Amino acid sequence: MLHIVPDIDNAEALTERQKAVLDAALRLLVEEGDQLTMTAVARRASCSKETLYKWFGDRDGLLTATVQWQASKVRVTSVDRKGLDLASLTASLERFASDWLKVISSDTSIALNRVAVGHAGSGKDDLGAVVLENGRFALARRLKPVLEAGREAELLDFSDAETAFRTFFGLVARDVQIRLLLGDRLELTEAAIGGDAARATQQFLALHGSKAGGAKTGPQGL
């Protein structure tokens, strides 16, 4: 049995108006890169700077909320630990993989990551750390319980959840993100993403599926 849970802590607490403001900030990042200012966001979102400061604190707070909002589009599915079976576990992993591929291939994520990479080590701000903490690291914190539940149910076999997460993340991502950042125009259709997500999940189960739980797949599952 599957249950959708919030992917980013404050995503469900946002009002529709706040979500619209964050969408405006994301569009500006796509159009203008790191030329993002509170004034520009207020103008695009048709709200006052005072409102932005009240909601998000400052520019760094706005960037953090923007990253969290974008990352919240990757749904992490919790599982019923008592009744967990291979089908539920597989569905949870495939949904995560599919959503993550959709998010990283979007124009907004590509623009956001390019800005973060451009700022890394420049002393301009901590956008790189914000992207890591509220993107990759936050998603790891939410997927690891699913992996650990799979281990408890004897469907998965691994010694360290972080290492298992990195393995799964790598199988899903492959070289997609770096190619997109470098301007490669990949044809990531809905069907292609679904196929990649299923393939990565089967590859992960082939590596970490527990023989005791019957989750081990053979070459035909790759």
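Tabulated results
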| quantity | calculated |
| --- | --- |
| Where N is the number of residues in the range 11-108, Cα Rg divided by 2.2 N^0.38 Å | 1.34 |
| Burial ranking of peptide ranges 100-112, 149-161 (average Cβ count within 10 Å, highest at the top) | 100-112, 149-161 |
| Accessible-area composition of the range 7-118, carbon plus sulfur, in percent [1.4 Å probe] | 48 |
| Length-normalised contact order of the range 86-216 in % [C-alpha pairs under 8 Å, at least 6 apart] | 34 |
| Unsatisfied cross-links (Cα-Cα over 28 Å) in the set Lys54/Lys144; Lys19/Lys102; Lys102/Lys211; Lys82/Lys102; Lys54/Lys102 | Lys54/Lys144; Lys102/Lys211; Lys82/Lys102; Lys54/Lys102 |
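The values are calculated or read from the model by the stated rules, or taken from the named source; none is laboratory data. Computed from a prediction, not measured in an experiment: that's the story for all the values here. Reconstructed Cβ throughout: ideal geometry from the backbone, glycine too, with neighbour counts over all protein chains shown. Areas reflect the complete protein model, heavy atoms only, side chains present, ligands, DNA and RNA absent. Shrake-Rupley method; radii C 1.70, N 1.55, O 1.52, S 1.80 Å.
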